[in-house]
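Down below is the structure, laid out as structure tokens.
Only the coordinates and a few stated rules stand behind these numbers; no lab work does. Note that this is a predicted model, so its numbers are computed, not measured. A quick note on method: Cβ atoms are made from the backbone with ideal geometry, for glycine too, and the neighbour counts reach across all protein chains shown.
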Ligand code: ATP
């Protein structure tokens, strides 16, 4: 309608100008320039094609991902499905007078599957799915973000109506950018207006025009969110999406190896055990890297070797071309063997692999063998951990008479553990609050913990000094030693002796 009026007025103006004997060209040039400016602002500034909206065919608006494609996260899935069932069984919830659910907040570390969950929710509800990230709303011009929020909601409604669905899910990733506490930003006017608009849209959500909208927000910093967002009636439900436990990791690995030729020797249960602390995204990347390595080697299956190498790569990064001098390489071998020797002495069977192949920032490393996931740590466990961290530096000290800068990371880690022992009341100071305890007492206790572990590790390494040098020699020749082989060497198994490469 608007366009017809503009064309009508334009044509009348043209006739009028010609009749008056005036040249219409400058007027049309000016009108053209104004139209171009308006078009630019629409596309670059005010309007934004949220990528998931416009780029797909109509059949693509409901995601194909289902809850069966999400490994682990059983509690999160259960809570989410329960919340979605409120919406599916609208009549029953209405009969009981339950307030309709408008928002669900998914919180948890990056890569744990929050986006997947939101997509699976849309699949479960047979809803249109629209996604946008918090940062897409924020521009330097005040009012732009608020307008984008309005557009997003109205587009969700339009789309659902267009393809005949009665619900839509709007997924807002990085919610903390858009929904951070108000008044905290330097350009807070724009941020506040955007958040206010989101609150207004959420408050106005009804089953308008036959379309019910559910907002799913995701963040890994729920503490930064404005309280108004978390108030009942907005993001009513909070679902925690945590890093997967061992069983969850095995299921995620199964999902991502479904369409890949895996050699029979690869035991996913074992891989799951070795990947403590990995998110779903890490596990997906692990399997993908292993497949790439098999491809590079011209293999038709993904074998154990590729899995192990991919694990190192995901943990530490790509191999580097760093060329070390011979003395440096020898020192790295002694250092890494030091960690391994202490680790095997205190916790037999605890070393996964030992290598001096540089990766990322590491010149070499010892990867622990998989063990059961832990949620609690005893003092004994943490002290052993400190000892293992110190093993590298102390081995250098015993063999070369001095340490090197290579131990910086280990020392940081050891110091963190010692501070944790004190803070959790496990040290000889008993239960203390660091704020109210004199600093020198804390420092003395810290030093006491460190000194006793240095003494313990020095004892182990001096006693097994020859063994340390022998194993380091093998490591220097072979660049990588597996856990079982290391244990053979440490026990000085005659068979292992025969395969030893001289240093
Ligand atoms: P971010 O907070 O960084 O946005 P996210 O929590 O939204 O991350 P997703 O984008 O859902 O994480 O996950 C990234 C990828 O990791 C997925 O595409 C999928 O391949 C894999 N992934 C993560 N979690 C799982 C899981 N539980 N099951 C299967 N795959 C998973």
statement: For the chain, percent of DSSP beta bridges that are antiparallel (nearest 5) comes out at 30
message: Along the Cα→Cβ direction, 7 angstrom out, place labels at residue 267 and residue 196. What is the inter-label distance in nm?
response: 6.2
Net length gained if the chain between residue 162 and residue 305 were fully extended (0.36 nm per residue, minus Cα distance): 46.3 nm
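Express in nm, to one decimal, how much length is gained between residue 295 and residue 224 on full extension, taking 0.36 nm for each residue of separation and deducting their alpha carbon distance. Numbers along the way, then the final one.
Values: separation 71, 0.36 × 71 = 25.56 nm, distance 4.39 nm.
Between residue 295 and residue 224, full extension yields an extra 21.2 nm.
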task: Please work out the C-alpha center-to-center distance from region 164-180 to region 19-38 and express it in whole Å.
output: 43
- prompt: So what's the angle, to the nearest 10 degrees on a 0 to 90 scale, between helix 465-478 and the longest Cα principal axis of the chain?
  reply: 50
query: Which angle between 0 and 90 degrees, to the nearest 10, do you get for helix 188-203 versus the longest principal axis of the chain when only C-alpha atoms count?
result: 70
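Using the Cα gyration tensor of region 51-240, with a ≥ b ≥ c the square roots of its eigenvalues, what is the shape: rounded (a/c below 1.5), prolate (a/b larger than b/c) or oblate (neither)?
Rounded is the answer for region 51-240, as its axis ratio a/c remains below 1.5.
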- request: Only helical DSSP H runs with n ≥ 4 go in: add -39500 (n - 2.57) per run for the chain, normalise by residue count and round the 222 nm mean residue ellipticity to 500 deg cm²/dmol.
  value: -17500 deg cm²/dmol
- prompt: Does region 282-353 come out rounded, prolate or oblate, given a ≥ b ≥ c as the square roots of the eigenvalues of its C-alpha gyration tensor, rounded meaning a/c under 1.5 and, failing that, prolate meaning a/b above b/c?
  reply: oblate
- request: Rounded to the nearest Å, what's the spacing between the alpha carbon centres of region 70-140 and region 205-279? Just the number, please.
  value: 11
- request: For region 245-377, just say rounded, prolate or oblate: build the C-alpha gyration tensor, square-root its eigenvalues into a ≥ b ≥ c, call rounded for a/c under 1.5, and beyond that prolate if a/b exceeds b/c, oblate if not.
  value: oblate
- request: Evaluate E = 1/(1 + (r/R0)^6) for residue 240 and residue 5, where r is the Cβ-Cβ distance and R0 equals 56 Å; express this FRET efficiency to the nearest 0.05.
  value: 0.55
statement: Each label sits 7 Å from Cα toward the beta-carbon; between residue 374 and residue 22 the label points are separated, in nm, by 8.5
message: Using only Cα atoms and rounding to the nearest 10 degrees, what angle (0 to 90) does helix 2-19 make with the longest principal axis of the chain?
response: 50
- line: Most packed first (mean Cβ within 10 Å per residue), the peptides 384-395, 280-291, 83-94 order as 384-395, 280-291, 83-94
query: For the peptides 366-375, 14-23, 239-248, what is the packing order when you average, over each peptide's residues, the other Cβ atoms within 10 Å and list the highest mean first?
result: 239-248, 366-375, 14-23
